[in-house]
């Protein structure tokens, strides 16, 4: 199981320090949300911030491009140090071409889809994707409630992936904490993006990561 703290909930005045805390506490990836104010109603970070994070950690940088025409920026984020580039099927009229470009840059390619989009929309692309990401909230803002209708989508994705012998990771993003993460894991998810549950944990970042990891592993501490 992969735990990927989302820096969207970090204290940006202490970003380097908090990234180091995540790494020391056992985080597997760092999740970086990129928003353009068009695909989602918010604006976040760009390649410069990814480059800064790259300088302070060796963790894989899991960059989630919630932007229109993501193909315009793939090279910039790859050069900045991204290890994974995940795009939204809703923003890519020619998804195979975008996935091919990501892989041509030597990066893992991910496909995300919004709560309104059925899992069947990406079935044809599972073999081309290293990561599939069903959004469990409406993208754009941290702190939202997990949408339980995501669970049957995860189950369907897991069934397709296993039946075809694929190694595609199922990543879940939105409203993930010990309870919802456990539900998503039971449905078949393998990577868990957590924001508030880690960065807003009352006992600090390390406690947030350890609490989530224990829940996912069935250790109720």
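Bear in mind these aren't lab numbers, they're just calculated from the coordinates by the rules spelled out. None of these values were measured; they are calculated from a predicted model. For neighbour counting, all protein chains shown are included, and Cβ atoms are generated from backbone atoms with ideal geometry for every residue, glycine included.
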Shape call, the chain: gyration tensor on alpha carbons, a/c limit 1.5: oblate
The range 149-221 - Rg over Rh from alpha carbon coordinates, Kirkwood radius: 1.03
Relative contact order for the chain, counting Cα pairs under 8 Å that sit 6 or more residues apart, in percent: 20 percent
Distance in nm between pseudo-label sites at residue 144 and residue 49 (7 Å out along the Cβ direction from Cα): 1.7 nm
Cα shape, the range 108-169, gyration tensor, a/c 1.5 rule: prolate
Relative contact order (%) - criterion: Cα under 8 Å, at least six apart; region: the range 1-127: 19 percent
Amide N proximity, the range 40-72 versus residue 20 label position 7 Å along Cα-to-Cβ, cut-off under 11 Å: 56-57
Spacing of the two label points (7 Å from each Cα toward its C-beta) at residue 202 and residue 162, in nm: 3.7 nm
The range 185-199 and the range 17-42: distance between their alpha carbon centers, rounded to Å: 13 Å
For the chain, calculated [θ]222 nm from helices alone, where every DSSP H run of n ≥ 4 adds -39500 (n - 2.57): -9500 deg cm²/dmol
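Which shape class, rounded, prolate or oblate, goes with the range 39-151 when its Cα gyration tensor gives a ≥ b ≥ c as root eigenvalues, a/c under 1.5 marks rounded, and past that a/b bigger than b/c marks prolate?
Details: a/c = 1.75, a/b = 1.23, b/c = 1.42.
Here the range 39-151 falls in the oblate category.
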